[in-house]
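All remarks here apply to the structure that follows.
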Amino acid sequence: MGVYNITGEQVCPEDLSRLEYLRSDRTLIWHEEFNDERINEDKWGHLIGGYKADVQRYYMYEDVSKNTYINNGILHITNLRNYPTSQIDFSGAFIDTHGKFEWKYGLLESRIKFPNAPAYHGTLWTLSSNYNPVYNQEVVGMTPTHERFGGNYGEMDIAECDQRNVSCAFHSVATDSFGGYNMGSGTNWHIYGIEWTSTGANIYLDRNLVKHVDWNVAEMSGYQNPFQKSHYVILNMNPWLFDESAQTEDFLETEIDWIRVYAPLGVSGTEDTETSITLSATNINLSVGDFYELIPTFVPTTVVNQTLKWESYNNDIVTVCGGDVKAVGTGTTYIRALSKNGCAAYCKVTVS
């Protein structure tokens, strides 16, 4: 099996021969074994600041090591009662690969053990690249929790654990929620997986198929299906979303052994290197307040690692996230999409 890292360079098979549960039927394009001393910032970013959902409030420190640590190749994401204020009792962690690794189609697997406790929330999930994980860093108020640029977004909850039970579910603007399935207790080690295609996905528990979903239910007029966009990977641990008072423990942790992303069957590592990218438009005219969706196309189309750096040359005129453009002021500027291998595509934007 050819094995390639996220820069497109081939990794010698001997380097990975010691890894347990490694698949031999397809190309590994990205993996995290958590063998560093702390979170690898080349692979992961993290959110900081306050978060509120219903009555639940918690805080994420600027120093991610306060709620994460690595021991013997296992990542521990902790939920601590160590942020006592009049409004917040807990701290948690939220790490993601946004802007560092974004993939499109293939197989993701992760070996995870959730805590044996009645009230907490831990999840392995993905979001489409046009959903920006920005939390307000002010403790008071703690809104907004996320920033969505407009259009339709996609969320794939591969393993979401509440009250010891793990479930999968999918979300978009068009559908709210669909495809939910309860996979049972998560307090022992399990391998959670998703096989993602352009038409749907299969969810696996310990490599046994438990759920299939189709993406046609997420179609929304005028926008690309969000499950046909690139997605990034997220891990988080926080108090139970519905009632933080139900958590009586001072310390809870989710343990993650590894996360691996493979290309679809039949796609080789060499096809994970793009030779060019194009955008669905090269010249657009907007009015202040308008949104516009730029859709990138990779050549070859079998590229799985679709990490792009989106940049507006003037954020006072337009801002951009995952191809979703927002017009904020009058003038003319350019949007650039830059791939991990240096391929670039541009769009001229005029706002009146």
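Within segment 257-273, track down each residue that is part of a strand (DSSP E or B) and over 15 Å from TRP196 (Cβ atoms). Give the derivation first.
Residues of segment 257-273 that are part of a strand (DSSP E or B), as a first pass: 257-262.
Within segment 257-273, ASP257, TRP258 qualify.
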Checklist entry - Considering ASN225, ASN208, ASN188, ASN182, which residue is out of contact with any Gly (no Cβ under 9 Å at 6 or more places or on another chain) and in contact (Cβ under 8 Å) with a residue 40 or more places away in the chain? => result ASN188
Checklist entry - Looking only at segment 277-290, which residues are surrounded by 14 or more Cβ atoms within 10 Å (Cβ to Cβ) and at pLDDT below 95? => result ASP290
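Considering only residues of segment 66-88 that are of a type in the set (A, V, I, L, M) and closer than 24 Å to GLY49 by Cβ, which is farthest from the chain's Cα centre (by Cα)? Outline the logic, then answer.
Residues of segment 66-88 that are of a type in the set (A, V, I, L, M), as a first pass: 70, 74-75, 77, 80, 88.
Imposing the further condition that a residue be closer than 24 Å to GLY49 by Cβ reduces the set to 70, 75, 77, 80, 88.
Working: ILE70: 20, LEU75: 17, ILE77: 16, LEU80: 23, ILE88: 26 Å.
Among those that are of a type in the set (A, V, I, L, M) and closer than 24 Å to GLY49 by Cβ, it is ILE88.
With the requirement that a residue be of a type outside the set (Val, Ile, Thr) and surrounded by 20 or more Cβ atoms within 10 Å (Cβ to Cβ), what does segment 297-311 give you?
So the first thing to find is which residues in segment 297-311 are of a type outside the set (Val, Ile, Thr), and the list is 298, 300, 305-306, 308-311.
Those that are of a type outside the set (Val, Ile, Thr) and surrounded by 20 or more Cβ atoms within 10 Å (Cβ to Cβ): PHE298, ASN305, GLN306, LEU308, TRP310.
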Checklist outcome for this item: In segment 172-200, anything modelled with pLDDT under 95 and in a strand (DSSP E or B) is listed as SER172, ASP176, SER177
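Residues are listed down the side, and each one gets a yes or a no for (1) outside the structural domain of HIS121 (by TED's automatic domain parsing); (2) in contact with a helix residue (DSSP H, G or I) (Cβ under 6 Å, 6 or more places away or on another chain):
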residue	(1), (2)
GLU249	no, no
THR254	no, no
TRP258	no, no
ILE277	yes, no
THR282	yes, no
VAL288	yes, no
PHE291	yes, no
PRO296	yes, no
PRO300	yes, yes
Next on the checklist: Between a residue in segment 18-43 that is at pLDDT 90 or above and any residue that is among the charged types (D, E, K, R) and in a loop (DSSP other than H, G, I, E, B), which pairs come within a Cβ distance under 9 Å, given they are 6 or more apart or on different chains?
Outcome noted: TYR21/ARG207; TRP30/LYS43; GLU32/LYS43; GLU41/LYS100; ASP42/LYS100; LYS43/LYS100
Checklist outcome for this item: Scanning segment 191-205 for residues that are in contact (Cβ under 8 Å) with a residue 12 or more places away in the chain and either touching a Gly at 6+ places or on another chain (Cβ under 6 Å) or farther than 21 Å from GLU255 by Cα (or both), the one surrounded by the most Cβ atoms within 10 Å (Cβ to Cβ) turns out to be TRP196
Checklist entry - In segment 305-328, is there at least one residue being of a type in the set (Phe, Trp, Tyr), outside the structural domain of ARG23 (by TED's automatic domain parsing), assigned to a loop (DSSP other than H, G, I, E, B) and modelled with pLDDT of 95 or more? => result yes
Checklist entry - Here are some residues: LEU108, LEU22, LEU80. Which one is closer than 27 Å to TYR204 by Cα and buried (at least 18 other Cβ atoms within 10 Å of the Cβ)? => result LEU108
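The rows are residues; the columns are (1) within 20 Å of GLU102 (Cβ to Cβ); (2) of a type in the set (Val, Ile, Thr).
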{"residue": "THR273", "(1), (2)": "yes, yes"}
{"residue": "ASP290", "(1), (2)": "no, no"}
{"residue": "ILE295", "(1), (2)": "yes, yes"}
{"residue": "THR301", "(1), (2)": "yes, yes"}
{"residue": "TRP310", "(1), (2)": "yes, no"}
{"residue": "VAL318", "(1), (2)": "no, yes"}
{"residue": "GLY329", "(1), (2)": "no, no"}
{"residue": "ILE335", "(1), (2)": "yes, yes"}
{"residue": "SER339", "(1), (2)": "yes, no"}
Next on the checklist: Please determine whether any residue of segment 29-40 is touching an Asp or Glu at 6+ places or on another chain (Cβ under 6 Å) and part of a loop (DSSP other than H, G, I, E, B).
Outcome noted: no
Checklist outcome for this item: Just one listed residue, out of THR282, THR330, THR307, THR319, is more than 19 Å from SER198 (Cβ to Cβ) and touching a Lys or Arg at 6+ places or on another chain (Cβ under 6 Å), and it is THR319
Checklist entry - Out of all the residues in segment 63-85, is one or more part of a loop (DSSP other than H, G, I, E, B), on the phi > 0 side of the Ramachandran plot and not polar (S, T, N, Q)? => result yes
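Please go through segment 329-352 and give me each residue that is assigned to a strand (DSSP E or B) and on the phi > 0 side of the Ramachandran plot, ordered by number. Give the steps one after another, and end with the answer.
Here is the first cut: in segment 329-352, the ones assigned to a strand (DSSP E or B) are 331-339, 344-351.
Result: GLY331, single match.
From VAL233, VAL210, VAL166, which residue is at pLDDT 95 or above and closer than 23 Å to CYS321 by Cα? Show your work before the answer.
Numbers: VAL210 fails: closer than 23 Å to CYS321 by Cα; VAL166 fails: closer than 23 Å to CYS321 by Cα.
Unique residue meeting the criteria: VAL233.
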Checklist entry - Among the residues of segment 89-98, which ones are over 10 Å from the mean Cα position of the chain (by Cα) and not aromatic (Phe, Trp, Tyr)? => result ASP89, SER91, GLY92, ALA93
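Residues to consider are ALA327, ALA337, ALA263; find the one that is touching a residue at least 24 places away in the same chain (Cβ under 8 Å), closer than 25 Å to LEU235 by Cβ and aliphatic (A, V, I, L, M).
Details: ALA327 fails: closer than 25 Å to LEU235 by Cβ; ALA337 fails: closer than 25 Å to LEU235 by Cβ.
Within the list ALA327, ALA337, ALA263, the selection yields ALA263.
The values are calculated or read from the model by the stated rules, or taken from the named source; none is laboratory data. Everything numeric here is computed off the predicted structure, so don't read it as measured data. Positions of Cβ are generated from backbone atoms using ideal geometry, with glycine treated the same way; all protein chains shown enter the neighbour counts.
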